[in-house]
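Reading through the structure tokens given below for one structure.
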Amino acid sequence: MAAIGIGILGSGRGSNCRAILERVRAGTLCAEARIVISDVFDSGILRIAREFGVPNAYLPPGKFRTKLEPEAELALVQMLRGAAVELVVLAGWMRVLKKPMLEAFPHRILNIHPSLLPKFPGLEAWKQALASGETVTGCTVHFVEAGVDSGAIIAQREVAILPNDTAETLHARIQIAERELYPEAISQFCE
Ligand code: GRF
């Protein structure tokens, strides 16, 4: 199988990015990490990229809080193309992507969300699941499309909600499931 060139975008800690880079390094995920990009200058995800020797960049996001400034989004497309990225992997990326990215990478942008979509889209999905009284939640890898957390589903994993769970314990178990599910889902894109 030929390795697929991936670009990872994130705004935070980077635990999913670390899980993916560990699998790439171990040779158990047929992908090559070509670049890691963050909209947060001192984010954990950029430190992880450096630790793994992956090219990385800070992208100044501009004046908006939930999306990139149009010029910044065009710059992002150029950075990803310049790095020969074939598949864009969002790992804790906190800005909604718009036309420039969606048109440059149609059906080639993935995201991981901490619930069994279509249940509980949006922020802090594990808290929503806990408050709902459900006994099962989980995580979902899906395509990024124009709507938030609404693109076609690629893979899901269930996580039980335990009677004594707090938001923190439940979130921690969902994140363990995410770190297994995301590399598996990416491997579906290897040729
Ligand atoms: C993940 O839990 C994912 O569900 C959400 O953002 C979080 C990022 O965590 N989209 P990390 O930066 O990968 O640790």
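The values are calculated or read from the model by the stated rules, or taken from the named source; none is laboratory data. Everything quoted here is computed from the prediction, not taken from an experiment. Note that each Cβ is placed from the backbone with ideal geometry, even for glycine, and that neighbours are counted across all protein chains shown. Protein only, heavy atoms only, side chains kept; ligands, DNA and RNA dropped before computing areas. Shrake-Rupley method; radii C 1.70, N 1.55, O 1.52, S 1.80 Å.
In table form, for the structure just shown:
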{"read-out": "The range 61-107 - percent relative contact order, Cα under 8 Å, separation 6 or more", "value": "46"}
{"read-out": "Net charge contributed by nearby residues that have their C-beta within less than 12 Å of ALA155 (K/R +1, D/E -1)", "value": "-3"}
{"read-out": "Alpha carbon Rg of the range 9-108, scaled by the compact-globule rule 2.2 N^0.38 Å", "value": "1.02"}
{"read-out": "Potential extension, LEU74-LYS99 segment - 0.36 nm per residue separation minus Cα distance", "value": "8.0 nm"}
{"read-out": "Efficiency of FRET from Cβ geometry, SER187 and ALA160, R₀ 30 Å, rounded to 0.05", "value": "0.75"}
{"read-out": "Residue-normalised accessible area of the chain, expressed per residue, 1.4 Å probe, Å²", "value": "48"}
{"read-out": "Carbon + sulfur, % of accessible area of the chain - ligands and nucleic acids excluded, 1.4 Å", "value": "56"}
{"read-out": "Cβ-defined net charge surrounding VAL96, 13 Å radius [Lys, Arg +1; Asp, Glu -1]", "value": "0"}
{"read-out": "Separation of alpha-carbon centers, the range 76-107 and the range 117-191, rounded to whole Å", "value": "21"}
{"read-out": "Cut-off 19 Å, label 7 Å out along Cα→Cβ of GLU51, residues of the range 137-173 by amide N", "value": "172-173"}
{"read-out": "Packing-based order for 158-165, 140-147, using average beta carbon neighbours within 10 Å, highest first", "value": "140-147, 158-165"}
{"read-out": "Relative contact order %, the chain, counting alpha carbon pairs below 8 Å whose residues are six or more apart", "value": "22"}
{"read-out": "Top of PHE64, PHE41, PHE105 by mean-square fluctuation, Gaussian network on the chain, Cα under 10 Å", "value": "PHE64"}
{"read-out": "Paramagnetic reach from ILE176 in the range 14-47 [backbone N under 17 Å; point 7 Å along Cα→Cβ]", "value": "15-16, 19"}
